[in-house]
Each structure stands twice: as C-alpha cells, then as structure tokens.
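Structure first, then comments.
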Amino acid sequence: MPLLMGWFLAAAPAKNKFLRSSLVAALAFSTAGDILLLFSRGPHGNLFFLLGLLAFLFAQISYLGGFWVEVGRSKGFLHHSPLAGMALIVFLIGFLYWLLPSVPEGLRLPVVVYGAALAGMVLSVWHARLRLGEVAFSQAMSGAMLFLLSDCLLAAARFGHSFPHSGAAIMATYLGGQWLIVRGVVFYLRGPKAKKPLSI
C-alpha cells in the first residue's frame with residue numbers, strides 16, 4: 001500500500017485535491033489495517049481484528065467520500081438510476097445472513113457496520129460512472145468489486161469457512177482491487193487528452 005500510494009502521488013496530477021487526499025487517506029488507513037490484521041491470529045486476536053476492521057472502515061469512508069464529493073448527489077448515476085445498486089444490497093444482506101451465525105456476538109455489529117461501509121464504497125464508484133468516463137470507471141469499478149470479494153473471502157475464512165489457498169485468494173483480490181481503484185482515479189485525473197501512458 002505505501003508503494004501504491006507513492007505511485008499515485010507521482011502519477012496523478014495535482015488537481016481535484018479532495019479526491020487526491022481521500023485516496024491517500026484510504027491507502028494510509030489500509031496500511032494500518034494490514035498491519036493490525038497481522039496480529040489477529042495471535043493473543044488478543046479479536047481485539048486486533050476489531051482494530052483492523054476499524055482502520056479499513058475509515059479506508060472505505062475515505063474512498064466513499066472522495067467519489068461522492070467529486071460527483072455530487074444530483075449529478076451522479078444513482079440519482080438517475082437509484083435501483084442500479086439493488087443487486088449489491090441484496091448480495092450483502094444474503095452474505096451477512098449466511099455469515100453472522102458464525103461471528104462472535106461481540107463482533108457482529110462491527111461486521112455489519114463495516115459491510116455497509118464497504119457496500120457504500122462500491123456504490124460511490126457506481127455513482128461516479130458518468131463523471132469518470134468509461135475507461136476510468138471500468139477500472140475503478142472492477143477494483144471496487146475485487147475489494148468487496150476480498151473482504152467477503154477474508155470474513156468467510158476468519159469465521160470458520162476457510163477454503164484451500166484462501167490466503168492467496170484474499171491477497172490477490174485485495175491487491176488487485178486497490179490497484180485498479182487507484183489506477184482508474186489516476187486515469188480520470190489525467191484526463192482523456194493525456195499523452196503519457198500509465199507505467200503501471
């Protein structure tokens with residue numbers, strides 16, 4: 001995440017300051033979350049998991065705020081097509097209904113709150129579809145969906161539903177998701193007339 005942040009700051013033009021700052025904050029919170037989750041399997045594992053979840057909650061809020069403020073409610077895709085995100089909401093409700101019985105009681109509310117923030121992040125990218133343009137949107141939206149998948153796999157593995165090579169699947173979808181979100185924003189900030197190709 002620090003390397004991705006450094007690339008973003010070097011590659012993205014110094015404009016749209018709130019969106020830039022939001023992405024930097026999201027990557028910083030993600031770094032903190034990664035570190036905290038490293039300790040979630042040891043002593044006081046639930047505490048470190050909760051702290052890691054909190055860090056990633058702030059990461060999702062940072063992404064959500066950046067995309068939402070960049071677009072504005074009245075100009076966004078969801079304003080014109082409010083039912084477009086219904087499939088995501090139905091999926092999240094179904095996933096939580098399946099997952100929550102295996103989650104310790106003290107972690108159920110934080111998991112639900114984080115799930116809502118994660119869904120909000122994905123919907124905020126969807127909301128920005130018309131503003132980002134097709135190429136930037138396709139990258140950012142693909143990244144948001146991979147991030148969603150990564151967290152679903154992580155939650156399943158954490159709470160008793162592990163599967164072969166779960167660690168590799170979680171990391172691949174997480175890193176790919178973050179990279180595509182950031183790459184899509186860089187493409188958007190550089191604009192359709194940018195001549196220099198992206199180097200990553």
Exercise. Within the stretch 102-128, restricting attention to residues that are of a type in the set (Ser, Thr, Tyr) and over 12 Å from Leu148 (Cα atoms), which residue is nearest to the chain's Cα centre (by Cα)?
Worked result: Ser124
Exercise. With respect to Ala128, is the statement that it is out of contact with any Ser or Thr (no Cβ under 8 Å at 6 or more places or on another chain) and either at pLDDT 95 or above or not small (Gly, Ala, Ser) (or both) true?
Worked result: no
Exercise. Which condition breaks for Pro164 when tested against (1) outside any helix (DSSP H, G or I); (2) under 14 Å from the mean Cα position of the chain (by Cα)?
Worked result: (2)
Exercise. With Tyr114, Tyr63 as the choices, which residue is touching a Ser or Thr at 6+ places or on another chain (Cβ under 8 Å) and within 19 Å of Leu37 (Cβ to Cβ)?
Worked result: Tyr63
For this session: Could you tell me which numbered condition Ser138 fails, if it satisfies all but one of (1) crowded, with 17+ Cβ neighbours inside 10 Å; (2) at pLDDT 95 or above?
Result: (1)
Seminar exercise, completed: Those residues of the stretch 1-43 which are assigned to a helix (DSSP H, G or I), in contact (Cβ under 8 Å) with a residue 60 or more places away in the chain, open to solvent by 30 Å² or more (accessible area, probe 1.4 Å) and farther than 23 Å from Leu57 by Cβ amount to Trp7
Exercise. Counting only residues that are in contact with a Leu (Cβ under 9 Å, 6 or more places away or on another chain) and among the charged types (D, E, K, R), how many does the stretch 92-128 have?
Worked result: 1
For this session: Could you please tell me which pairs satisfy a Cβ distance under 8 Å, a separation of 6+ or placement on different chains, a first residue in the stretch 78-89 that is within 15 Å of Phe67 (Cβ to Cβ), and a second residue that is open to solvent by 80 Å² or more (accessible area, probe 1.4 Å) and part of a helix (DSSP H, G or I)?
Result: His79/Arg73
For this session: Looking only at the stretch 173-187, decide whether some residue is outside any helix (DSSP H, G or I) and either at pLDDT below 95 or more than 22 Å from Phe29 (Cα to Cα) (or both).
Result: no
For this session: For residues that are open to solvent by less than 40 Å² (accessible area, probe 1.4 Å) and of a type outside the set (Phe, Trp, Tyr), scanning just the stretch 101-117, find the one that is farthest from His161 (Cα to Cα).
Result: Ala117
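The values are calculated or read from the model by the stated rules, or taken from the named source; none is laboratory data. Not measured: the values here are computed from a predicted model. Please note: Cβ atoms are built from the backbone with ideal geometry, for glycine as well, and neighbour counts cover all protein chains shown. Just the protein is used for accessible areas: all its heavy atoms, side chains included, with ligands, DNA and RNA removed. Shrake-Rupley method; radii C 1.70, N 1.55, O 1.52, S 1.80 Å.
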